[in-house]
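Encoded as structure tokens, the structure appears first; notes follow it.
The values are calculated or read from the model by the stated rules, or taken from the named source; none is laboratory data. None of these values were measured; they are calculated from a predicted model. In this analysis, Cβ positions are derived from the backbone assuming ideal geometry, glycine residues included, and neighbour counts consider all displayed protein chains. Note: accessible area is taken over every heavy atom of the protein model, side chains too, but ligands, DNA and RNA are not part of it. Shrake-Rupley method; radii C 1.70, N 1.55, O 1.52, S 1.80 Å.
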Amino acid sequence: MTIAATAISITLGDNNELEKGINNLTYIKRFIVAVTDSAGNAVPNAAFTKSVDLPFYLKGPAWNGTKFSCPNEDANRNGFLDVGEDADGDGKSTPPKADVVISGDSKTGANGLAVIQVEYAQSVATWLEYEVKVTTNVEGSEGTAQKSYVTSFVKGDEENGSFLIPAYGKNACNAPN
């Protein structure tokens, strides 16, 4: 009998909870990363990479009304505003990559699990779509798990949250704020 100890599968999970972060300025969403072998056994100390992408940002007059879904202006994700990428003409790349930060473990524990998190300023809640991606080496090829989300807020903050003001403007994607 051969026992596989090589990572063969990676999963990204979450719950419906969101918490307030640093000095009540941010929101935090946590995720669980699970890595198993071909028999479904936990793979301890499995290295993985994590990333977050912002494929779309939202514009509109109200956080809870109709919104325009705008593609990230940094189309090639190089961190620079290249010629032709400034759709709204404001002179900067929208949204800024730093509007959502990912952190946490990069290796599973003895149980094959690890915790990662995304954190963002409360002012961008409801105004960004983001994708979390985790990747591990799978016997010479990559195993990947990816999920998409919209930034949200903690219940009760809809009364006076900073996200009530549009983070990226009120007008259409190709119009100045």
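Points worth noting:
- Pairs linking a residue in the range 40-51 that is closer than 15 Å to residue 115 by Cα to a residue that is open to solvent by 60 Å² or more (accessible area, probe 1.4 Å) and not in a strand (DSSP E or B), with Cβ atoms under 6 Å and 6 or more positions apart or on different chains, are 42/111; 44/110.
- Residue count for the range 126-161, restricted to those that are small (Gly, Ala, Ser), under 12 Å from the mean Cα position of the chain (by Cα) and within 22 Å of residue 22 (Cα to Cα): 1
- Within the range 69-95, residues that are on the phi > 0 side of the Ramachandran plot reach partners that are part of a loop (DSSP other than H, G, I, E, B) and surrounded by 15 or more Cβ atoms within 10 Å (Cβ to Cβ) with beta carbons closer than 9 Å, at six or more positions or on different chains, in the pairs 79/93; 91/81.
- Flag for residue 94 being touching a Leu at 6+ places or on another chain (Cβ under 8 Å), β-branched (Val, Ile, Thr) and within 25 Å of residue 68 (Cβ to Cβ): no
- Hits in the range 127-157 - residues which are of a type in the set (Ser, Thr, Tyr), open to solvent by less than 40 Å² (accessible area, probe 1.4 Å) and at pLDDT below 95: 136
- Restricting attention to the range 99-117, the residues being in a strand (DSSP E or B), under 16 Å from residue 48 (Cα atoms) and either of a type in the set (A, V, I, L, M) or more than 10 Å from the chain's Cα centre (by Cα) (or both) number 8.
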